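The values are calculated or read from the model by the stated rules, or taken from the named source; none is laboratory data. Remember, it's a predicted structure, so these values are computed and weren't measured experimentally. Neighbour counts are summed over all protein chains in view; Cβ atoms, including those assigned to glycine, are modelled from backbone coordinates with ideal geometry. Note: accessible area is taken over every heavy atom of the protein model, side chains too, but ligands, DNA and RNA are not part of it. Shrake-Rupley method; radii C 1.70, N 1.55, O 1.52, S 1.80 Å.
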Amino acid sequence: MKFTLNWLQNYVDTADLSPDQLAEKLTMLGLEVDSVTPLYQELSALKTGLVLSCEKHPNADKLSLCQVSIGEETLQIVCGAPNVRKGLAVVIATTGTTLPGNFKIKKSKVRGLESFGMICSESELGLSEEHDGIMELPEGTGVGQSFITALGLDDTFIEVDLTPNRPDCASVIGIAREIAGITGKELAVPVTGAAIENSNNEFSVTVESDELCPRYTARLIKNIKIAPSPWWLRKRLISVGLRPINNIVDITNFVMMEYGQPLHAFDFDTLADRKIVVRTPRENETTFTTLDNSDRPIDRETLLICDGEKPVAVAGVMGGMNSEVTDSTTNILLESACFNAVSIRKTARKLNLATDASYRFERGVDPDGTINALNRAVDLICEIAGGKTTEDGIDVYGGQKQTDPLTLRISRTNAHLGIDLDGSAMIEMLESISIKCEEKDQDTLLVTPPSFRVDIEREADLVEEIARLYGYDNIPVTLPHVSLSYPEQDKNRLKRKKITLDLTSIGYSEAINYSFGSTDHADMFFLSDADPRRQAVALLNPLSEEQSIMRTMLLPSLLENIKRNISFQKSAVKLFEIGKVFTSTGKNTQPVEKFRLSAVLSGNRYGESSPLHYQQEQVDILDAKGGVEFILKNMSLTGNDQKTGIRFRRSEEGKHEPFSEIEYSLDVCRNELIVGTIGKIKNGVLKNFNIKHDVYYFDLDYDVLCEVKQVPRKFTSLPVYPSVKRDVALIVPETVSSGELLEQVRSVKDKLVESAEIFDIFQGEKIPSGHKSVALSITYRSPTKTLTEKNVEKSHSKIVRLLTDKFQGSFRNE
């Protein structure tokens, strides 16, 4: 928004504020000032003069020899302007003066006669493009004065960078209202509270869509005379960068800058059927010629102003050539309307046509202010252009909306801002910027925002207004009270982060997949109809058929990951994912959400970069089981206490996972509760995913693992006395798992047993059919003495008897 200090002074008294002080106040009001620039300082050396005599140049037909008084002296100047004459007040550039464009005036001879300066035109001064003659100053202008002082050009230009939510400040009156509110000065508005009481029968207005055009007002003015605008009007427009055109166009531009309401004047005699129709284009209307003589494409969303036959303007953007005000125009129809902001924004972007009018309509024009601006322009036209009019017109206000009052709590406002104001002080502040207030009770105000404040929608906006008007600098500075206590973190989340780091440290890669899945996955994994994992939550608006439900398993996505890796010739894959699965509990209830930890392994055991001295080996069930043991160990869930620890057992026939080979299926149990499974994916399942490599997996209930009480860490000193190792090889039935033998040894309450491990499992010719040989190595140590053969033999014999009795075992002879 551009304006000058003198222009602003017409509406609010700013005499006691310097330009810098005014800019500071506007900035603190939230209206950031981009620049404060003194105007026309380059013209400060120019003086006003009076032509005392004007004679024809003796040596040139088109030149005049003038004697010009500049007060203290009279200068002889040769001038070629056709309008120079005796008694004319002019602008003089004396020798040594530099004009805009770095043009320096020098003493010179023109056709044999000396010239001591130049009589200037408006184009030479950079005030306009008028160059047909010299600039004529008003009659009675003092002689020898500073030109910028004599014509009121000694002014300060101010530019404000407005935010899109403050269209009310896209006008000089809007800026003046803000200044009046913070300084307590009275706001003087030329026209306010105007209304059109009677309809004009000489023309008609039809609005086809109240949504696109909430309000349209117009008045007819006859017998105008198109002419250049008076200097005061041209000066206002030039000072803010607008080019004066003629009195009618200049008045509409002036009122737009003054009120923030764009206006448009139509040549009334060019309007077919003497009517205005606000509508969108018909099927045969595809282009329109705007005032800049450009053919613009229009579509069905473009809002047009039309007469009885054709479009005459693009609503809110630019008028048309076919209804332009020309030098021969005598009757005009003046439009003041409010258009839909979104519609105008779209149209301006499509046409690539940004105008001062579209700038304001895009942000929102006050529908209740259209007639004020209209009547202001009509008064100026009648005064300057000699027009005749009546008080009637047409006002179509089909989009009028009721504004409901907002509640402003005094105590809450004070608490938010850290100040102490009573209700009367807040009312005074808000009413100073035309916001109506009414006291409901001691702590509550009913506030009705004016129609031009489109940014005030809720109580928080009113609190902001109080802060702006009270002054941000006046709000006391306080430090927030922040508790020094460390915020409590989700323990399970911390465990997830640790597991992620642990697994990646041993060669796994983390996968993060969508929480969506396909309805086909249940069939691809051979799940039974009664399996709860078939109870999936369907999405109302799925991204695709492959992502139409919330997933109930993590493994399908991980198999898709393996398939993609193999397709890129990356066959050695170890992937894991910790994520939520969702099980439906009914149509109108929330699903059950649980975290699971799943992993898949395929290809070379040592990955893509295995050491040269390592033999190429494929992963097997023991790699998957080792991954689970690693997780349990790092979660401190393994120990000798079988009542609370986690253990492995072979899956029972018929109760194993339907997608896992029974020979490779293990259950991870907490007591009798299965908290996870380990196994090898069936070839049939892999075929459904187009995978030709063996894939092993483990799938754990992460939430249950987090609930298990961790085995406390115990720190002991390093052993002082040596250990003794004894091996035992037993032949046991095939049905006895090797792990059961190991668990039995570890569960023996013998203080000398330090550890036990399996180092061989054998089946062959010398082993009876249906049996196998399991070899264990048991380590014995005493923390208080060196063990004797007798000590070790006693403990070892007890363990051997326990194993042979419980598992029907016998010693292997060879």
| With Ser518, Ser505 as the choices, which residue is farther than 30 Å from Val708 by Cα, at pLDDT 90 or above and hydroxyl-bearing (Ser, Thr, Tyr)? | Ser518
| field | Within segment 1-39, tally of residues that are open to solvent by less than 50 Å² (accessible area, probe 1.4 Å) and either more than 27 Å from Ala357 (Cα to Cα) or among the acidic types (Asp, Glu) (or both) | value | 4
| Cross-chain or 6+ apart pairs with Cβ under 6 Å, segment 70-98 first and at positive phi, then open to solvent by less than 30 Å² (accessible area, probe 1.4 Å) | Gly71/Gly144
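Let's see how each residue does on (1) under 27 Å from Ile566 (Cβ atoms); (2) at pLDDT below 95:
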{"position": "Glu593", "(1), (2)": "no, yes"}
{"position": "Leu597", "(1), (2)": "yes, no"}
{"position": "Gly603", "(1), (2)": "yes, yes"}
{"position": "Leu612", "(1), (2)": "yes, yes"}
{"position": "Phe630", "(1), (2)": "yes, yes"}
{"position": "Met635", "(1), (2)": "no, yes"}
{"position": "Asn640", "(1), (2)": "no, yes"}
{"position": "Arg649", "(1), (2)": "no, yes"}
{"position": "Glu663", "(1), (2)": "yes, yes"}
| Among the candidates Lys785, Lys790, which residue alone is loosely packed, with under 13 Cβ neighbours inside 10 Å and either in contact with a Lys or Arg (Cβ under 7 Å, 6 or more places away or on another chain) or touching a residue at least 40 places away in the same chain (Cβ under 8 Å) (or both)? | Lys785
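Go through Leu555, Leu539 for me and flag whichever is touching a strand residue (DSSP E or B) at 6+ places or on another chain (Cβ under 8 Å) and free of Cβ contacts under 8 Å to residues at least 24 places away in the same chain.
Just one listed residue meets the conditions, Leu539.
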| Quick one: how many residues across segment 707-741 are open to solvent by 100 Å² or more (accessible area, probe 1.4 Å) and either closer than 30 Å to Tyr664 by Cα or in a strand (DSSP E or B) (or both)? | 4
| request: Select from segment 104-123 the residues that are free of Cβ contacts under 8 Å to residues at least 12 places away in the same chain and exposed (fewer than 13 other Cβ atoms within 10 Å of the Cβ) and write down the one among them that is farthest from Leu52 (Cα to Cα). | output: Lys104
| query | Picking from Ser660, Ser651, Ser665, Ser636, which residue would you name as being polar (S, T, N, Q) and closer than 20 Å to Lys495 by Cα? | reply | Ser636
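For residues that are farther than 17 Å from Arg453 by Cα and touching a strand residue (DSSP E or B) at 6+ places or on another chain (Cβ under 7 Å), tally how many sit in segment 411-441.
Step one: list which residues in segment 411-441 are farther than 17 Å from Arg453 by Cα, which gives 411-426, 428, 438-441.
This time we only want the ones that are touching a strand residue (DSSP E or B) at 6+ places or on another chain (Cβ under 7 Å), so: 423, 426, 438-440.
Number satisfying all stated conditions: 5.
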| task | Considering only segment 263-285, state which residues are assigned to a loop (DSSP other than H, G, I, E, B), surrounded by 14 or more Cβ atoms within 10 Å (Cβ to Cβ) and more than 33 Å from the chain's Cα centre (by Cα). | result | Leu271, Pro281, Glu285
| field | In segment 667-683, residue surrounded by the fewest Cβ atoms within 10 Å (Cβ to Cβ) [restricted to those that are farther than 14 Å from Leu601 by Cβ and in contact with a helix residue (DSSP H, G or I) (Cβ under 9 Å, 6 or more places away or on another chain)] | value | Leu673
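Is it fair to say Glu457 is part of a loop (DSSP other than H, G, I, E, B) and open to solvent by 70 Å² or more (accessible area, probe 1.4 Å)?
Working: part of a loop (DSSP other than H, G, I, E, B): yes; open to solvent by 70 Å² or more (accessible area, probe 1.4 Å): yes.
Criteria met by Glu457.
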| task | Select from segment 742-762 the residues that are assigned to a loop (DSSP other than H, G, I, E, B) and free of Cβ contacts under 8 Å to residues at least 24 places away in the same chain and list them in ascending order. | result | Lys749
| field | Test for Leu63: is it open to solvent by 50 Å² or more (accessible area, probe 1.4 Å) and at pLDDT 90 or above | value | no
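Please enumerate the residues belonging to segment 683-702 that are of a type in the set (A, V, I, L, M, F, W, C) and in a helix (DSSP H, G or I).
Taking segment 683-702 first, the residues of a type in the set (A, V, I, L, M, F, W, C) are 685-686, 689, 691, 695, 698, 700.
The answer is Val685, Leu686.
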| query | What tally of residues in segment 537-566 results from selecting those that are under 35 Å from the mean Cα position of the chain (by Cα) and part of a loop (DSSP other than H, G, I, E, B)? | reply | 11
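Might you let me know whether segment 490-500 holds any residue that is closer than 30 Å to Gly260 by Cβ and of a type in the set (Ser, Thr, Tyr)?
The first filter runs over segment 490-500 and keeps only residues closer than 30 Å to Gly260 by Cβ, leaving none.
Checked segment 490-500: no residue is closer than 30 Å to Gly260 by Cβ and of a type in the set (Ser, Thr, Tyr).
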| Which numbered condition Gln569 misses (of (1) assigned to a loop (DSSP other than H, G, I, E, B); (2) open to solvent by less than 20 Å² (accessible area, probe 1.4 Å); (3) not acidic (Asp, Glu)) | (2)
| request: Please go through segment 264-306 and pick out each residue that is under 21 Å from Thr370 (Cβ atoms), of a type in the set (Gly, Ala, Ser) and touching a Gly at 6+ places or on another chain (Cβ under 7 Å). | output: none
| remark: Just one listed residue, out of Glu309, Glu335, is of a type outside the set (Ser, Thr, Tyr) and outside any strand (DSSP E or B), and it is Glu309
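Would you confirm whether any residue within segment 587-600 is among the small types (Gly, Ala, Ser) and either surrounded by fewer than 19 Cβ atoms within 10 Å (Cβ to Cβ) or free of Cβ contacts under 8 Å to residues at least 40 places away in the same chain (or both)? Reasoning before the result, please.
So the first thing to find is which residues in segment 587-600 are among the small types (Gly, Ala, Ser), and the list is 598-599.
Then keep just the ones that are either surrounded by fewer than 19 Cβ atoms within 10 Å (Cβ to Cβ) or free of Cβ contacts under 8 Å to residues at least 40 places away in the same chain (or both); that gives none.
Looking through segment 587-600, none of the residues is among the small types (Gly, Ala, Ser) and either surrounded by fewer than 19 Cβ atoms within 10 Å (Cβ to Cβ) or free of Cβ contacts under 8 Å to residues at least 40 places away in the same chain (or both).
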| field | Neighbours by Cβ (under 7 Å, 6+ apart or cross-chain): first from segment 377-406, at positive phi and at pLDDT below 95; second basic (Lys, Arg) and open to solvent by 80 Å² or more (accessible area, probe 1.4 Å) | value | Gly386/Lys225
| query | So which pairs qualify, if the first residue must be in segment 219-239 and closer than 19 Å to Ile332 by Cβ and β-branched (Val, Ile, Thr), the second must be assigned to a helix (DSSP H, G or I) and open to solvent by less than 30 Å² (accessible area, probe 1.4 Å), the Cβ gap must be under 6 Å, and the two must be at least 6 apart or on different chains? | reply | Ile221/Ile381
| Which pairs do you get when a residue that is in contact (Cβ under 8 Å) with a residue 40 or more places away in the chain, found in segment 310-322, comes within reach of a residue that is surrounded by 21 or more Cβ atoms within 10 Å (Cβ to Cβ) and hydroxyl-bearing (Ser, Thr, Tyr), reach meaning Cβ atoms under 7 angstrom, with the pair 6+ apart or on two chains? | Val312/Ser323; Ala313/Ser323; Gly316/Ser358; Val317/Thr347; Val317/Ser358
| Does Ala45 qualify as being small (Gly, Ala, Ser) and either part of a loop (DSSP other than H, G, I, E, B) or modelled with pLDDT under 90 (or both)? | yes
| task | Could you pull out every one of the strands (runs of 3 or more DSSP E) wholly within segment 148-248 that has 2 or more residues that are over 29 Å from Thr27 (Cα atoms), under 34 Å from the mean Cα position of the chain (by Cα) and of a type in the set (A, V, I, L, M, F, W, C)? | result | none
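Among the listed residues Ala511, Ala536, Ala530, Ala522, identify the single one that is open to solvent by 80 Å² or more (accessible area, probe 1.4 Å) and within 24 Å of Asp703 (Cβ to Cβ). Step through it out loud before you land on a result.
Numbers: Ala511 fails: open to solvent by 80 Å² or more (accessible area, probe 1.4 Å); Ala536 fails: open to solvent by 80 Å² or more (accessible area, probe 1.4 Å); Ala522 fails: open to solvent by 80 Å² or more (accessible area, probe 1.4 Å).
Of the residues listed, the single one that is open to solvent by 80 Å² or more (accessible area, probe 1.4 Å) and within 24 Å of Asp703 (Cβ to Cβ) is Ala530.
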